[in-house]
Structures are given as structure tokens and as C-alpha cells.
Amino acid sequence: MIIYTDILSKDELLSDTFDIKPAADCPILWEVDCRKYMKKVGENVQLEGANPSAEDAEEDGGEGETVMVHDIEDQFRMVWLKVEEGLKPSKDAYKSHLKAYIKKVLKALEAKKASEETIAEFKGGAAAAMKKISANYDNYDVLMGQSMDGDAMHVLIDFREDGVTPFATLWKHGLNEMKV
């Protein structure tokens with residue numbers, strides 16, 4: 001099995017269990033179809049001898065509560081930047097993040113002595129990738145890796161033309177391959 005980790009934060013973001021395909025119009029971006037399913041959350045687990053106060057019990061949430069999650073989000077413990085909570089960055093702020101991110105990935109590629117072809121591919125495709133993301137930014141939901149490193153890759157979730165199938169977009173060069 002191959003696990004792909006973020007080149008900057010080292011968070012696990014993807015594995016080869018997903019069908020990874022280069023984006024049709026921008027091959028330095030990878031797209032993977034996701035599945036949504038129901039997940040139980042807020043189950044109250046009480047250890048023998050534990051004595052939680054009534055206040056703590058209320059904060060844990062309802063027992064047996066379920067939420068819809070994406071498989072990629074659940075498997076890699078990603079964190080949502082939700083629009084309704086005001087946490088999704090504005091389009092201009094995200095463009096600024098992308099510019100800084102591209103520079104940091106380039107430095108990381110140079111530090112790990114990536115081939116000249118790899119660096120040239122990244123440099124050549126970065127502007128097109130940024131343009132593609134910026135043009136579609138309002139449609140994306142934004143997720144971060146488990147460490148919540150603001151400088152690292154943000155995983156973008158959108159829906160295919162059918163309006164039903166969610167897919168994630170990741171930067172190919174922003175991932176390190178790790179065999180397990």
C-alpha cells in the first residue's frame with residue numbers, strides 16, 4: 001500500500017486505495033472520487049471507574065448521533081474549514097495562501113533533490129493550477145490535514161457534473177510517497 005503525505009506538514013492525505021487521476025486540464029493536480037456515508041459520532045463511552053460530571057456528559061453530544069462524511073475526510077482525519085462557521089478563507093486570502101504554498105513546495109522539492117523534470121513540471125503547471133482553483137473556488141469545500149498546518153496543502157472537495165459524486169483535488173507535487 002502507498003500512503004501519500006503532505007510534503008510540508010507530513011499529514012497523511014491520500015492512499016493508493018483511491019483511484020487517482022490527473023485533472024484533465026491540469027495534470028499537476030490529482031483528482032480522486034470520494035464516497036459519502038453515515039458515521040456515528042458522539043457515542044458516550046464510559047470506562048469502568050470513571051465518574052464524569054453532568055456538565056461533561058452534556059458536552060459530548062447526543063448518543064448515537066450520525067453525520068455525513070466523505071471517506072477521504074474520515075480515513076485521513078481531515079478537518080473542514082466550513083463556510084457557515086466563517087472559517088473558509090476568502091478567495092483573495094486563498095490566492096495569497098496558494099502563492100506562498102507554491103513557493104514552499106518548490107523549496108521542498110529542491111531540498112529533497114527532485115529531478116529537473118519534476119521541478120520544471122511543477123513550475124510550468126502551477127500558474128494553470130492556481131487559475132483553475134481560483135475560477136472554481138466558490139464551489140469548493142476546503143479541508144486541512146490533521147495537524148491543521150495553515151501553510152500545508154488544503155484538500156478541495158467539489159462535485160462532478162452529475163451533482164452527486166464528490167471528488168477531492170490535491171497537488172501532485174505536494175505529496176510524498178510512502179510505502180507501507
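Every number in this text was worked out from the coordinates using simple rules, so none of it is lab data. This is a predicted model, so every value here is computed, not measured. A quick note on method: Cβ atoms are made from the backbone with ideal geometry, for glycine too, and the neighbour counts reach across all protein chains shown.
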Check your understanding: Taking the range 89-165, how much of its Cα-Cα pair set, in percent, is spaced more than 16 angstrom apart?
Key -> 57 percent
**Study point:** Total formal charge among the other residues, if their Cβ is under 12 angstrom from that of Ile20, Lys/Arg +1 and Asp/Glu -1
**Key:** -3
Exercise for review: With a point put 7 Å past each Cα toward its Cβ, work out how far Asp74 is from Ser134 in nm, to one decimal.
Suggested key: 3.7 nm
Check your understanding: Given H placed on each backbone N at 1.01 Å, which residues far from Ser15 in sequence or on other chains put an amide H within less than 5 Å of it?
Key -> Tyr4
Revision key, fill the gap. Two pseudo-spin positions, 7 Å from Cα along C-beta at Asp151 and at Thr165, lie apart in nanometres by 3.7 nm
Exercise for review: Place the peptides 69-79, 105-115, 13-23 in order of packing, highest mean first, counting for every residue the other Cβ atoms within 10 Å and averaging per peptide.
Suggested key: 69-79, 13-23, 105-115
Study note, to complete from the structure: Per the C-alpha gyration tensor (a ≥ b ≥ c, the square roots of its eigenvalues), the range 106-151 is rounded if a/c is under 1.5, else prolate if a/b beats b/c, else oblate; here it's oblate
Revision key, fill the gap. Cα-Cα longer than 24 Å, checked against Lys88/Lys132; Lys131/Lys179; Lys88/Lys179; Lys36/Lys95; Lys91/Lys113; Lys103/Lys179, kept in input order, equals Lys131/Lys179; Lys88/Lys179; Lys36/Lys95; Lys91/Lys113; Lys103/Lys179
